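Below is one structure, written out as structure tokens, with a few remarks after it.
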Amino acid sequence: MKYFIFPNDQTGFNPKDVDLLNFENYHLISPNLYRVQKFGSLLSGFWFRHHLETKIDTEKELKGTTYRVIQSAKNLEKIIKFELIMLEKIISLGEY
């Protein structure tokens, strides 16, 4: 399954500064880990849902926490795409 790690300006988390393949860093990664919910045009946005979120609520108060919407290709450059195996161990890193 494909996931995406987002930087977090509020906490100072930058995925490029963390060894993402090291199991000991997973507690840093988890709050910033999202899966694809849906892809649309840049106008409608690319929707990502937090990997632990089970509801599809789109309340404005939850934006940036339980879901993210990217409406600029430039903002896609900041995220890191990767793949998990069934045991949720990161097995590869790559660009979107």
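Every read-out reported here was derived from the displayed coordinates using simple, explicitly stated rules and does not represent laboratory data. If you're wondering where the values come from, they're calculated on a predicted model, not measured in any experiment. Neighbour counts are summed over all protein chains in view; Cβ atoms, including those assigned to glycine, are modelled from backbone coordinates with ideal geometry.
Mind checking which lysines have their Cα closer than 22 Å to the Cα of residue 74? Skip sequence neighbours fewer than 8 apart in that chain.
2, 16, 38, 63
With θ set to phi - 60°, apply the Karplus curve 6.51 cos²θ - 1.76 cosθ + 1.60 along the stretch 62-73 and write out the HN-Hα couplings as whole Hz, x wherever there is a Gly or Pro.
8, 4, x, 10, 8, 8, 9, 10, 10, 10, 9, 4
Need one number: the % of Cα-Cα pairs in the stretch 2-94 sitting beyond the 18 Å mark.
So the pairs more than 18 Å apart make up 44 percent of the total in the stretch 2-94.
Most exposed first by the Cβ proxy, i.e. fewest other Cβ within 10 Å, how do 52, 43, 33 rank?
43, 52, 33
What length, rounded to one decimal in nm, is gained on full extension from residue 77 through to residue 20, with 0.36 nm per residue of separation minus their alpha-carbon distance? Write out the running numbers ahead of the final one.
On the way: separation 57, 0.36 × 57 = 20.52 nm, distance 1.72 nm.
Stretched fully, the residue 77-residue 20 segment lengthens by 18.8 nm.
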